[in-house]
Amino acid sequence: MAATVQAEEGKSASQGKTPLLAARQITKHYGSVQALRGVDLELYPGEIVGLVGDNGAGKSTLVNILSGALQPSGGTILVDGDEVSLNSSIEARNRGIETVYQDLALAPDLSVWANIFLGRETTRKGFLGWLGWLDRKAMSTDTERSLDRTRIRIGSVQSKAGQLSGGQRQAIAVGRAVAWGSKVILMDEPTAALGVEQQQRVVELIRTVSKGGLPVLLVTHNLPQVHSLCDRVLVLFQGQLIAELFPAQCSVEEIVSWITGAALTRSTNGG
Amino acid sequence: MAERSVSMTDTIRSAGKRLGQKPSSKEFLDKYGSLWTVLVLALVVLVFGLLSSTLFTQAGWEAVSKSTYEYLPLAIGETFVILTGGIDLSVGAVLGFSCVVSGTVMEHMLGTSTGSLGITVLGFVVGIAVGGLCGFLNGILITRLRLPPFIVTLATLYALGGATYIVSEEPIYQIPHQLVTFGQQSLFGGWFIAPVLVALACVVVFGVFLSRFRFGLRTYAIGSNRIAAERAGINVRRHLVWVYVLAGALAGLAGMLVSANFAQTSPLFGNNDELAAIAAVVIGGASLFGGRGNLLGTLCGTFLIAVLTVGLVLVQVTAFWQEVTIGVVIVLAVSVDQLLRSVSQR
């Protein structure tokens, strides 16, 4: 089958390296509904991988499993080649897997630095630190530094997240993931709510991130964006990975035909 | 190397931009918007001061400060609760219940003796602990049964109101004399009584706790976006329980301060106090949706109500008009606050 052939090519491209994140035969069912039926996925350093599929194909389920928010019914997840169980999103984060959620998960009334450090606050040394005395200066400085590294400009890190523009908020959510993520960044529709110019800035941000060596798994409906940005594209169809495509070698139309299942019918009939 | 020098220039440029940047009116309003309450308080003080010079005398200050120490601890706890997006209607009932329980315990311990310091301390411990337990009950019901805070604390308001009279129908006068001495102790040349200083100290301590400590930051975060807080790894349910425990314990403390000053514990104490506490927090600029507010605002809100009450008495306005005025002030303060915010959001 065409899909299998393309998958083989993909493996040859990254031969010899250990994937930073790998999923093997992941299944998930809700009662009698089979959301995922044995999905395999590998993410290698510095690549941008698109995960596409129609509504209900299982994209969100897969991302939620990789980010620890959902537990798979079967299959294994490997980080750096070691089998792990991600029982919560905190556990996933502790293993270096950061997620940028569609709704961004920012607290609008907190400052930029507080949003970046929320849940992982830096406290001062000594007894007061044990009680939770925040080292606000250290957190502000670290935030400035890490946002500078990803070339995110938001004015002051003291501004409240709620006062920033949509693009800036998006940049903070991405910046937070980059600041903490050491293995993988998962992004769920990161540009869906943005204007064209802001989308472009986030795209640049994703490129900067992957150049730094972190793989990015990008879930999106924006196919032209997938085509121009991703190194590889994985297509989910009815809970199964049916194709691994390389945008350099295929067109947007081809991706669409895999998403709708038309290409699958064709290749099955042909083979 | 080229790449690096580019990013260095970028860094320097953006740093320069930051340094040279004047705070926008948005940021200014956001930062100092709560000063609005301070201004209103100053204005009200000025107006009543001009109408009756007694307000600026020691007697005037005494009257004002005496009517704040009971509400301040309640309003502090209420601020934490409201910041999480919740509400605690039971603080007044918790105050009454915990001081009556504490009074009963002290009465038993004292027997026939006139008093001991140990029993005074025990009284405080019991009062605060009973208050904290009531708060714990609120917190557990809210987080485990997933009931709205309004419903849960409405229920405990009724239940504890009844329980208070089950414990003691009559006021208890047999309390340690050290407690009474403390409660009526005047300090700094008569300008302060001890309970007022304790209440003000609470504002400072919990103000720092709220604005400079992890607990405070997470309290804001939960009210601002609960899902974001959960995703950030915060145990939201446990945090909420602690917030209600804090509100309850502070109500217990307030109960002890009132008992000490009035030289008795009475089932009448705390009646309707929750309304004053919530009013103070709301006048202080906190949002009932959570995430916004601070203890400086709450302090001003409490004093605003106190100055209004005392001021209206001084200019001989009847008690009923005092309440009307407070109602008007709540509407005015909150609507102007919202107006300021809508400007700052633009």
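Laboratory data are not the source of any read-out in this text; all were calculated from the coordinates shown. Every value quoted in this text rests on a predicted model; they were computed, and no experiment measured them. Note: ideal-geometry Cβ built from the backbone for every residue, glycine included; neighbour counts use all protein chains shown.
Taking the charge dipole of the protein assembly as shown about its Cα centre, with +1 at Lys and Arg Cβ atoms and -1 at Asp and Glu Cβ atoms, the residue from A:72, A:241, B:43 reaching farthest to the positive side is A:241. Ordering B:278-284, B:221-227, A:40-46 by mean Cβ neighbour count within 10 Å, with the highest value first, yields B:278-284, B:221-227, A:40-46.
Given in Å, the Rg to one decimal and the Dmax to the nearest whole number for the Cα atoms of chain A are 19.4, 71. Summarising the overall dimensions of the protein assembly as shown from its C-alpha atoms, the Rg and Dmax are 30.1, 102 angstrom. Each label point was placed 7 Å from the Cα along the Cα-to-Cβ direction; for residue B:166 and residue A:254 their separation is 7.6 nm.
Give the aspartates and glutamates reachable from residue A:183 as a straight Cα distance under 14 Å; neighbours fewer than 8 places away on the same chain don't count. Straight-line reach from residue A:183, under 14 Å: A:42, A:47, A:80, A:82, A:91, A:98.
Legend: mean number of C-beta atoms from other chains within 10 angstrom of residue C-beta atoms, peptide B:210-223, equals 5.
DSSP beta bridges confined to chain A are antiparallel in about 60 percent of cases. Placing unit charges on the Cβ atoms of the charged side chains and taking the dipole of chain A about its Cα centre, the candidate lying farthest along the positive direction among A:84, A:227, A:181 is A:181. For the residue pairs A:28/A:160; A:59/A:211; A:59/A:137, the C-alpha atoms sit more than 28 angstrom apart in A:28/A:160; A:59/A:137.
Mean separation of Cα pairs under 8 Å and 6 or more residues apart, divided by the residue count, gives the stretch A:39-169 a relative contact order of 19 percent. Net charge dipole, the stretch A:100-180: roughly 200 debye, given to the nearest 20, about the Cα centre with Cβ charges of +1 for Lys and Arg and -1 for Asp and Glu. Each Lys or Arg adds one and each Asp or Glu subtracts one; over the other residues with Cβ under 15 Å from the Cβ of residue A:130, this totals +2. By other beta-carbon atoms within 10 Å, ranking B:318, B:265, A:76 with the fewest at the front produces B:318, A:76, B:265.
For a test of the definition: using alpha carbon positions, the gyration tensor, and the 1.5 limit on a/c, classify the stretch A:100-180 as rounded, prolate or oblate. Prolate shape, in that a/c is at least 1.5 and a/b is the bigger ratio. When chain B is described by a simple charge dipole with +1 on each Lys and Arg Cβ and -1 on each Asp and Glu Cβ, the residue from B:329, B:313, B:221 located farthest towards its positive end is B:221. In the protein assembly as shown, the DSSP beta bridges split such that about 60 percent are antiparallel, to the nearest 5.
Taking all Cα pairs closer than 8 Å and separated by 6 or more residues, the relative contact order of the stretch B:70-305 comes to 42 percent.
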